[in-house]
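Data first, discussion second: the structure below is written as structure tokens.
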Amino acid sequence: MDAQAIEKKPVVTSWQGVVRFLHKTPRAFLPMRTFPEIELIASRGIDGDRYLIGQETGFYSHKPEEGRQITLFEIETLEALKRDHGIDMLPEEHRRNVTVEGIPLNHLVGRRFRLGETIVEATRLSTPCRHIEEILGKPVFDPMINRSGLNCKIIVGGTLRVGDTVRPI
């Protein structure tokens, strides 16, 4: 194949994943609760979650941040923590809202994608915090560097359910 043929070849995005767990909590320090579905509100957050813009009771900051309306975490990271570090972490313990499988979260920053019937925009990678270690009593900070999830803004709201497909737009 010559260089001209390579340049004209269309870019193919071929990933697809699935929502495995959904979590929220109304206040900081309370355990995350697991739900079969959650309601995403465009430009605000998740109904009933501690970081819903305008009703924040979360711990991360004293100022709301538009790009933290919903957070995602890879189930593959839970598997890696167990395999590589001997750390058992349940899906509700990572403190993110959505646990997904088969999604390259670290590669989605700046991109929009479908999360079930909703559309979100990945704003930045999540960073681990010592707060999680304090709550769990597990040494997860260092192993979660660069594997701590994804922060997103909700572009199109709707109901997100366990089992929903996650795919590029």
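Every number here is computed from the coordinates shown, using simple stated rules; none is lab data. Values in this document were obtained by computation on a predicted structure and should not be read as measured data. Virtual Cβ from ideal backbone geometry, glycine too; neighbours counted across all protein chains shown.
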Filter pass, residue 102 being under 20 Å from residue 75 (Cβ atoms) and surrounded by fewer than 16 Cβ atoms within 10 Å (Cβ to Cβ): yes
Tell me, which residue of the stretch 23-47 that is closer than 24 Å to residue 103 by Cα and touching a Ser or Thr at 6+ places or on another chain (Cβ under 7 Å) is surrounded by the most Cβ atoms within 10 Å (Cβ to Cβ)? 40
So, in the stretch 16-31, of the ones that are more than 25 Å from residue 108 (Cα to Cα) and not small (Gly, Ala, Ser), which residue ends up nearest to the chain's Cα centre (by Cα)? 25
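The rows are residues; the columns are (1) assigned to a loop (DSSP other than H, G, I, E, B); (2) more than 20 Å from residue 29 (Cα to Cα).
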| position | (1), (2) |
| --- | --- |
| 133 | no, no |
| 140 | yes, no |
| 148 | yes, no |
| 151 | no, no |
| 160 | no, yes |
Members of the stretch 87-103 found to be within 11 Å of the chain's Cα centre (by Cα) and assigned to a loop (DSSP other than H, G, I, E, B), listed by number: 95, 96, 97, 103
